[in-house]
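**Student:** Okay, here's the structure, questions in a sec.
The values are calculated or read from the model by the stated rules, or taken from the named source; none is laboratory data. Predicted model only: the values in this text are computed from it and were never measured. With ideal geometry, Cβ positions are generated from the backbone for all residues, glycine too; neighbour counts draw on all protein chains shown.
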Amino acid sequence: MLPLSPAQQRGDILLAATMLVGALVSATLSSVAGIYGGEQAGMPLAVAYAFVLAVPLAFRRRWPATVAVVVSIAYFVAVTLHVPELYAGNIAMFIAFYTVGAWSTHRRRARWTRVGIIVGMFAWLLIAMFVDATQPTEGGLSRAGAFSPYVAYTLLMLLVNVLYFGGAYYFGERTWTAAEQRRALEERTAELEREREITAAQAVTLERVRIARELHDVVAHHVSLMGVQAGVARTIMAKDPEAAGATLAQIESSARSALAELRHLLETLRTSPDAADTAPTTVGLDGLAALVQDAASAGLPTLFRVIGTPYPVPETAQVNLFRIAQEALTNARRHGGPGATADVRLRYVDEAVELEVANTGRLVRDPKPGMGHVGMRERAAASGGTVELLPLSSGGFLVRARVPVGVRAEA
């Protein structure tokens with residue numbers, strides 16, 4: 001059974017009450033008019049018939065098939081017994097028949113219930129016509145001629161019943177189909193709303209991850225670099241004030257660089273929603289040489305080599321490769337230990353740009369991936385590439401990233 005709203009329940013009760021009043025009025029007038037002549041049943045039976053017609057309609061959407069069978073049987077019995085009421089019975093039967101098609105959730109039961117009522121109705125009608133046709137010809141419609149008034153009346157009754165039951169069947173099916181389409185549309189709308197909420201939540205989460213990754217790469221690198229440089233300056237300040245001053249100048253430069261990148265990140269976040277599709281900072285592959293120089297100045301001797309002929313690389317891929325190299329050098333400086341060195345290689349091949357950062361130092365037996373490793377993997381994936389994070393058996397670590405850029409056109 002489909003769920004009923006309070007308004008629908010009240011509507012069915014009002015319909016039943018209206019039908020009861022109409023049936024009583026119709027029975028009274030029909031009895032006074034004497035529509036069946038001397039064969040007419042008494043008024044008490046007509047009143048009982050009115051209640052049997054009307055009361056089930058209050059439950060027509062709860063038990064549509066049962067209500068339709070009860071109303072149909074009551075109608076057949078009333079006509080057979082010549083109960084003085086015709087019009088309310090026809091209306092009630094049409095409503096009950098229609099409701100089976102429009103509201104019954106058991107479609108096979110609904111179909112066979114209506115087929116059974118139609119078959120019963122036409123069987124009863126044909127029997128009544130046969131009985132009438134075999135009666136003496138005195139009175140009534142003339143049966144003379146190939147197309148007599150009696151034949152015309154018979155065909156009219158058949159046509160009226162075909163239209164009556166055919167219309168009720170058709171409109172019931174149409175109502176059910178429209179309701180099914182409406183329910184499917186409502187479910188799809190609800191599903192799309194849930195998907196929209198999930199997509200919005202995912203977009204917020206991805207944006208938070210992107211901001212966290214940018215802040216980590218900017219802050220972790222520069223703060224780590226400034227920490228190392230400050231330690232060096234404190235150590236040599238008494239022995240070599242000039243070298244300590246140069247180191248402090250490097251700290252100032254690192255702080256300015258960090259502030260510039262943070263400012264650019266904040267500007268990107270404030271400009272427009274489309275800013276997420278652009279490179280979040282101004283760094284790129286051209287800045288790798290300066291990045292290597294900063295690492296060497298911070299006490300990590302680093303070599304930088306470019307292999308192959310450079311060609312244009314998408315800005316987002318440049319930013320991601322730069323940040324991977326930055327994170328790799330920061331980790332090498334923090335975990336490599338005294339005497340560690342690093343080697344940065346940038347390769348330009350036909351279909352991809354490869355970045356390799358290898359460092360010597362402590363032997364890493366069981367590397368525990370932190371935010372830096374997660375950020376490098378995310379950056380490589382964001383550019384459609386891959387990254388390998390491998391501890392070296394001789395000590396140190398290897399970071400190898402590959403970002404596809406497509407087959408480059410020959411100049």
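**Student:** Answer with yes or no whether LEU15 is part of a helix (DSSP H, G or I), within 23 Å of VAL119 (Cα to Cα), of a type outside the set (Ser, Thr, Tyr) and touching a residue at least 40 places away in the same chain (Cβ under 8 Å).
**Tutor:** Here the answer is no, as LEU15 does not meet what is asked.
**Student:** Out of ALA128, ALA144, ALA88, ALA178, I need the residue that is over 16 Å from PRO64 (Cβ atoms), modelled with pLDDT of 85 or more and out of contact with any helix residue (DSSP H, G or I) (no Cβ under 7 Å at 6 or more places or on another chain). Which one?
**Tutor:** ALA178
**Student:** Is it fair to say ALA41 is assigned to a helix (DSSP H, G or I) and small (Gly, Ala, Ser)?
**Tutor:** For ALA41, the condition - assigned to a helix (DSSP H, G or I) and small (Gly, Ala, Ser) - is not met.
**Student:** If you don't mind, there's one more thing I want to ask. Sort out which residues of the range 50-71 are modelled with pLDDT under 90 and part of a helix (DSSP H, G or I), and write them in order of number.
**Tutor:** LEU53
Conditions tested, residue by residue: (1) part of a helix (DSSP H, G or I); (2) free of Cβ contacts under 8 Å to residues at least 12 places away in the same chain; (3) surrounded by fewer than 18 Cβ atoms within 10 Å (Cβ to Cβ).
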position	(1), (2), (3)
ALA7	yes, yes, yes
ARG10	yes, yes, yes
ALA78	yes, no, no
HIS82	no, no, yes
GLU85	no, no, no
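**Student:** Pairs please, first residue from the range 330-346 and closer than 17 Å to PRO367 by Cα, second anywhere and assigned to a helix (DSSP H, G or I) and among the β-branched types (Val, Ile, Thr), Cβ atoms under 8 Å, 6+ apart in sequence or on different chains.
**Tutor:** Within 8 Å, the pairs are ARG333/VAL228.
This table checks each residue for (1) modelled with pLDDT under 75; (2) under 30 Å from GLU354 (Cα atoms); (3) small (Gly, Ala, Ser); (4) touching a Lys or Arg at 6+ places or on another chain (Cβ under 6 Å).
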residue: GLY231; (1), (2), (3), (4): no, no, yes, no
residue: ARG234; (1), (2), (3), (4): no, no, no, no
residue: LYS239; (1), (2), (3), (4): no, no, no, no
residue: ALA243; (1), (2), (3), (4): no, no, yes, no
residue: HIS264; (1), (2), (3), (4): yes, yes, no, no
residue: ALA276; (1), (2), (3), (4): yes, yes, yes, no
residue: THR282; (1), (2), (3), (4): yes, yes, no, no
residue: LEU285; (1), (2), (3), (4): no, yes, no, no
residue: LEU288; (1), (2), (3), (4): no, yes, no, no
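**Student:** Right, another one. Return the only residue of ALA102, ALA65, ALA128 being loosely packed, with under 14 Cβ neighbours inside 10 Å, out of contact with any Leu (no Cβ under 9 Å at 6 or more places or on another chain) and either closer than 25 Å to ALA17 by Cα or free of Cβ contacts under 8 Å to residues at least 40 places away in the same chain (or both).
**Tutor:** Sole residue among the options that is loosely packed, with under 14 Cβ neighbours inside 10 Å, out of contact with any Leu (no Cβ under 9 Å at 6 or more places or on another chain) and either closer than 25 Å to ALA17 by Cα or free of Cβ contacts under 8 Å to residues at least 40 places away in the same chain (or both): ALA128.
**Student:** If you go through the range 314-373, how many residues are surrounded by fewer than 23 Cβ atoms within 10 Å (Cβ to Cβ), more than 25 Å from ARG210 (Cα to Cα) and either aliphatic (A, V, I, L, M) or not assigned by TED's automatic domain parsing to the domain that holds SER394 (or both)?
**Tutor:** Number satisfying all stated conditions: 5.
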